[in-house]
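Input: a single structure, listed below in structure tokens.
The values are calculated or read from the model by the stated rules, or taken from the named source; none is laboratory data. The structure displayed is predicted, hence computed values, not measured ones. With ideal geometry, Cβ positions are generated from the backbone for all residues, glycine too; neighbour counts draw on all protein chains shown.
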Amino acid sequence: MKNKFRPIDLTLGSVFVVLLMIGANIAVWFPVLKITYAGGSVPLSLQTFFAILAGIILGKKLGTFSVLVYLLIGLAGVPVFAEMQSGPFAFISPTGGFLLSFIAVAFVSGWIVEKSAEPTIKTYLVASFAGLLANYLIGTPYMVGSMNIVMEVPMTMQTGFMVMLPFFIKDFVITMGAAILLPKLLTRISLATPSLNTIRS
């Protein structure tokens, strides 16, 4: 197992950093992609989808690293989070837990695929669903806590999960659909980038 990232690793990792930035702000260009809750609104995004793909395609190590870079860029003040937000407050806001959960999302998804000698559609489905669960099981309780403590808007855990249900359904459909197409996608990517085969090891 290599101890350092190679230039090709960093290049492919940076692609997912950019994809996370784009996925976070789909609702900026399409405002209809927002769901209103008690204290404001939360935009639909493709961040969870790209965080899962980062783990599956790049592996748990590089995938997690790519997510960390994305989070650090936003923490430094570059407006890469949802609705062009950035800075420390983004991590204590209601959506902060979902941002932090992407670390676990990429790691868990990548770990499951790496544990399989010959990943199949079933492997990708399990990895995608596990990443999705990590996202919501971390992000939703965090959101409820932020609403009650930071935003000072009362919200029960049950309400929190009900609020996030439309998001979960959206992400479930996207990630499961992508998982089914992943074998062909990875074959094409591997042919175009042979070195990717050694990245996920």
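Applying a threshold of 9 Å to beta carbon distances and a minimum spacing of six or more residues, or different chains, the list of pairs starting in segment 71-89 at a residue that is without any contact (Cβ under 8 Å) to a residue 24 or more places away in the chain and in a loop (DSSP other than H, G, I, E, B) and ending at one that is among the β-branched types (Val, Ile, Thr) and surrounded by fewer than 17 Cβ atoms within 10 Å (Cβ to Cβ) reads 86/78. Tell me whether segment 165-172 contains one or more residues that are at positive phi and either crowded, with 23+ Cβ neighbours inside 10 Å or among the charged types (D, E, K, R) (or both). No; the residues of segment 165-172 include none that is at positive phi and either crowded, with 23+ Cβ neighbours inside 10 Å or among the charged types (D, E, K, R) (or both). Looking at residue 121 and the list (1) in contact with a Phe, Trp or Tyr (Cβ under 9 Å, 6 or more places away or on another chain); (2) closer than 30 Å to residue 6 by Cβ; (3) hydrophobic (A, V, I, L, M, F, W, C), which single condition is not satisfied? All conditions are met except number (1). Criterion first (surrounded by fewer than 15 Cβ atoms within 10 Å (Cβ to Cβ), under 18 Å from residue 142 (Cβ atoms) and modelled with pLDDT of 90 or more) does residue 88 satisfy it? When the stated conditions are applied, residue 88 passes them.
Is there a residue in segment 106-115 that is at pLDDT 95 or above, closer than 24 Å to residue 84 by Cβ and out of contact with any strand residue (DSSP E or B) (no Cβ under 8 Å at 6 or more places or on another chain)? Yes: segment 106-115 contains one or more residues that are at pLDDT 95 or above, closer than 24 Å to residue 84 by Cβ and out of contact with any strand residue (DSSP E or B) (no Cβ under 8 Å at 6 or more places or on another chain).
Would a scan of segment 64-83 turn up a residue that is at pLDDT 95 or above and on the phi > 0 side of the Ramachandran plot? Within segment 64-83, one or more residues are at pLDDT 95 or above and on the phi > 0 side of the Ramachandran plot. Residue count for segment 113-133, restricted to those that are in contact (Cβ under 8 Å) with a residue 40 or more places away in the chain, assigned to a helix (DSSP H, G or I) and of a type outside the set (Gly, Ala, Ser): 7.
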